[in-house]
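Just so it is clear, none of the values below were taken in a lab; they were calculated from the coordinates. For clarity, every value in this text was computed on a predicted model and none was experimentally measured. For neighbour counting, all protein chains shown are included, and Cβ atoms are generated from backbone atoms with ideal geometry for every residue, glycine included.
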Amino acid sequence: MSNELSNSSNRLISLDVFRGITIAGMVLVNNPGTWSAIYSPLKHAEWHGATPTDFVFPFFLFIVGVAITLALGKRVENGGVNRQVYLKIFRRAALIFLLGLFLATFPFYNFTKGEWLDISTVRIMGVLPRIAVCYLVAALIFLHTNWKQQAIIAVALLLIYWALMTLINVPGCDVTTFDDKTCNLAAFLDRLVLTENHIWKSSKVFDPEGLLSTIPAIATTLAGVLTGHWLRRKIDDNEKVAAMFFFGVCLTAIGWCWSLLFPLNKSLWTSSYVVYTAGLALCFFGFCYWLIDIKGYQKWTKPFVIFGVNALVLFVGSGVMARILGLIKLNGEDGKTISLQQAIFENVFLPIAAPINASLLYAISFILVWLFLMWLLYRKRIFIKV
């Protein structure tokens, strides 16, 4: 999260900016004025394929990986890895996971039904729990292996996942196919282990941040770890950028070719999706690194730095705010009860634009409110870490 790099002497403004752009994109797509009117690039792909929205989460895991290397690299080189380092890694992963459970259970009380939350129906996995698991595993791998071994592990994870998803038939299904949301091994294991009570409520047959699909998500994080190794090399900065673009384009092409056999699919976090998005992340970060840290064009970056250095606060805080806006009920003009969020959208934004544009304006306004709140923390030099 936002603190990994802040503990490093090799702080890169471009990484904060990349993180800030990514987390801002995540909040933007999560908070439209209405889910019934959204521009297609701001939607996840229905199943196979990828939209710009589908790049946000893997980009964030990639950033986590880069930050692991920059924060822990000197300790590993100097033999400074001790019990405290392990405790810090486990503590951080646990806190991020618990924050994910907090968001899944907030506000703990159903005011409509007048009853406390039923913990037997709480979703266990999600964005923050997946980040926690990927961070923990990738950090431990980093401490005990070199870059070549890390690359081999990443490739092995992708090939193993591909083999498991391709070769193992799902009980109760005549045909195991990636085209079916139910008859694939990842979805089957989610239903078997997590049960329908603890997976994504919008599906009930699979979890987009499920158990088996976390394996290739770890490979996404390791792609960031490997990029961090390259950044730490004592070579010319332009050479670093050239290599990032070269390997980024190669990975994107390889991922696209692999998708002909193992389709791009965020919900399954397919191996082709990992390679494809890792390539795009390399290109995007390489451009940020060249533009910001090498060329020095930094004036435009301030809003994204503000988001990037407190990314965890932004994600959790915006999630809580969105939930509260949905919980507060008001009487509508027709006598029906509507949420405060719906009232704001219908009375402020809908009268000034078509529904799809009004929905986007609401999301942008939501982001701007949080930019102001994050600026208040930034100007006081308050960086909330875990």
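The figures follow:
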read-out	value
Charged-residue dipole, Cβ positions (Lys, Arg, Asp, Glu), the chain about Cα centre, Debye nearest 20	1480
Charge dipole (debye, nearest 20) of region 146-295; +1 at Cβ of Lys and Arg, -1 at Cβ of Asp and Glu	360
Cα centroid separation - region 78-138 against region 18-76, whole Å	19
Sorted by Cβ density within 10 Å, fewest first, the residues ARG19, ARG92, ARG75	ARG75, ARG92, ARG19
Range of Cα positions in region 181-259 per principal axis (Å), largest first	53, 26, 18
Summed side-chain charge close to CYS173 - residues other than CYS173 whose Cβ falls under 15 Å, Lys, Arg +1, Asp, Glu -1	-2
Where only C-alpha atoms are counted, convex hull volume of the chain per residue in Å³	161
21 Å Cα-Cα reach of LYS380 towards lysines, excluding residues that sit fewer than 8 places from it in its own chain	LYS299, LYS302
Residue-averaged 222 nm ellipticity for the chain, from DSSP H runs of 4+ at -39500 (n - 2.57), nearest 500	-19000 deg cm²/dmol
Calculated P(r) tail over 17 Å for region 286-384, as whole % of Cα pairs	64
From the C-alpha gyration tensor of region 93-203, square roots of 5λ in Å	31, 24, 8
Which of ILE367, THR195, TRP116, positive extreme of dipole for the chain (C-beta unit charges)	ILE367
Per principal axis, descending, Cα span of region 294-333 in whole Å	55, 24, 8
Debye-sum result for region 312-354 in log10 I(q)/I(0), which assumes one identical scatterer on each alpha carbon, at q = 0.18, 0.25, 0.26 Å⁻¹	-0.60, -0.85, -0.87
Whole-angstrom gap from region 282-322 to region 150-212, using each part's C-alpha centre	33
Potential lengthening between ILE338 and LYS43 on full extension [0.36 nm per residue; Cα-Cα distance subtracted]	103.8 nm
Region 225-293 - Rg (one decimal) and Dmax (whole number), Cα, Å	13.2, 39
